[in-house]
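What follows draws every value from the coordinates through simple rules; no lab data is involved. These numbers come from a predicted model, not from an experiment. Virtual Cβ from ideal backbone geometry, glycine too; neighbours counted across all protein chains shown.
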Amino acid sequence: MIYCTTFVSGKDTRKEIMTELVGFRGKREKRKPFFLSGRGKDWTPDFRIGNIAMDSAPDTRPQRIAAIDALRGFDMFFLTGGLALVVAGINLFYEKSPAWLLKHAAHVQWEGFAAWDLVMPLFLFIVGTAMPFSFGRRIGSEPVWKIYFKVVKRVVVLFLLGMVVQGNLLSFEPDKMSLYCNTLQAIASGYLIAAICLLNLSIRWQVAATAILLAAYWLVMKFVPFSDPAVGSCAAGVLEPDRNVALLVDKYLMGSWQDGTNYAWILGQFGFGAMTMLGLLGGQMLKHVQGHGKKLLCLAAAGLGCLALGYFWSLDFPMIKKLFTSSMVLWAAGWCYLLLALFYVLTDVLRLNWLTFFFSVIGSNAIFVYMWTEVCPPTRNFSRVLFTGFSECFGDGRQFVFYLCNYALIWSVLYYLYKNRTFIKV
C-alpha cells in the first residue's frame with residue numbers, strides 16, 4: 001500500500017518566460033475570472049469524469065509546478081524538526097527569547113492564531129494544490145473505478161498511518177487506541193472530499209462546494225445544541241474548550257476511542273474538506289490561468305480575500321484551530337495562497353531553484369520524513385549520542401549546533417533519495 005518509485009530524469013527544455021510577467025502581445029478576448037465564468041469544464045480535457053464527454057485522447061504529458069514541492073518541503077521542514085532549529089538560531093541574537101518568538105513558535109491554546117498554527121492547514125492546502133495535476137494525468141487514461149479505488153486506498157492508508165503516529169495502533173490494545181487523532185487522518189478526510197468534488201464538479205461548483213462546507217460548519221456550531229446524558233450538554237453557539245458541539249459529538253460517537261483532547265475531528269471534517277478544497281482551487285489557478293502575471297494576480301487576490309473574509313467572520317465565529325472553525329480556515333488559507341504565490345515566483349517564474357532546493361528535497365518525500373521523525377525515536381537518540389559532545393564545544397551556540405547537525409542528518413538521507421530519483425508515496 002505504501003510504495004516507492006524511481007524515475008529517470010531527462011532534459012528539461014525551458015523557454016524564456018519573464019515577458020509574461022509584465023504583459024502580453026496582441027489583443028486578447030476579455031473573460032470573466034475562471035471561478036465566476038462557469039467554464040471550468042473548458043479548462044480540463046474532454047475526457048473528464050461526470051459532466052465531460054470521454055471522446056478525446058488524454059494529454060499524458062507531465063505537468064509539474066516546482067512551487068508545490070518546495071512549499072510542501074517548507075511546511076515539512078518546520079514539522080519535522082526545523083522549528084527547533086529556527087528558534088535556536090533566533091535565540092543566538094537575544095539573551096532571552098523574545099515574546100513574539102514565544103508566541104508564534106507555539107500553538108494558541110484556544111482562540112487566536114499564531115504562525116505555528118499554520119503548519120497543519122498548510123499541509124492540507126498543499127495536498128489540494130497538487131490534486132489538479134495528479135488527477136489530470138489519470139482522468140481519461142484510467143477507468144473511473146480505478147481512480148476511485150486509488151483514492152479510497154490512499155484514504156485508508158493515511159488514516160491507518162495517523163493511528164500509528166498518535167493513535168497507539170501498534171500497541172494492539174484497543175483500550176489504549178484513539179480512533180481519530182492525527183494530521184494524516186485530517187488529510188485523508190480532506191483528500192476524499194476534494195477528490196469527489198474534483199472528479200464530479202466544474203470549477204464553479206467546486207467554489208460553491210467550498211463555500212457550502214464553510215457555511216454548513218458555521219450553522220452547526222452556532223445554531224445546533226447538543227445533549228446526551230453520557231457526554232454532557234451544550235447550548236447552541238457555545239465554543240468553550242471543554243463544551244462545544246464538535247467536542248461532544250466526538251465523545252458521543254467515538255466513546256473511549258476519543259483521544260482525550262479538545263480537538264474536533266468528526267465535525268472538523270467540514271473544515272478539513274474546505275481547507276483542502278481551497279488548496280485545490282489554488283492548483284486550478286496554477287493549471288488553467290494563462291500567464292505568470294495573471295496566475296500571481298489570482299493567487300494574491302485569493303489570499304487577500306481569504307484574509308479579509310476570515311478576519312470579519314472571526315468577529316462572529318472565532319478563529320479556533322482546535323475546532324478548525326470556518327474563520328480560521330479562511331485566515332490560514334489566505335496565508336497559504338500568499339506563500340504559494342511567493343514560492344511560484346521563486347521557482348517557476350524567476351527560476352531561482354537554488355533558493356528553494358533545500359525545501360524541494362524535503363517535499364519530494366514528505367510522508368516518509370514525517371513518519372520517520374514521528375515514529376523512530378532511535379533517530380533522536382542517535383543524534384544525541386553523535387552530536388551532544390560536539391555541540392557542547394560551541395558554548396551558548398550549542399543548542400543551535402545540535403539542532404543543525406540533527407537536521408543535516410535528516411536532510412542527507414532525503415537528499416540521497418532525491419538524487420537517486422526515489423520517492424516514497426502513499
With an 8 Å Cα cut-off and a minimum separation of 6 or more residues, compute the relative contact order for the range 218-278 in percent.
24
Taking just the alpha carbons, could you work out the radius of gyration and Dmax for the range 311-426, both in angstroms?
19.0, 53
Label-point gap, in nm, between S233 and A84 - each point 7 angstrom along Cα→Cβ:
4.7
Counting other beta carbons within 10 Å of each residue's own, what order do R421, R72, R154 fall into, fewest first?
R421, R154, R72
Extension gain, A114 back to Y311 (0.36 nm per residue minus Cα-Cα distance, nm):
69.5 nm
A106 versus R421: modelled label distance in nm, points set 7 Å from Cα along the beta carbon direction:
4.7
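Add +1 for every Lys or Arg and -1 for every Asp or Glu among the other residues with Cβ under 11 Å from the Cβ of S327, and state the total. Working shown, then result.
On the way: positive: K321; negative: E111, D316.
Here the count lands on -1.
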Radius of gyration, Dmax [the range 150-309; alpha carbons; angstrom]
18.2, 59
In whole Å, what is the distance between the alpha-carbon centres of the range 151-202 and the range 287-318?
28
In nm, the gap between the two label points placed 7 Å beyond Cα toward Cβ at A208 and A300 is 3.1
Using a Förster distance of 35 angstrom, determine the FRET efficiency expected from the C-beta separation of Y94 and R351, and round it to 0.05.
0.45
Output ordering of 342-348, 117-123 (per-residue mean of other Cβ within 10 Å, highest first) is 117-123, 342-348
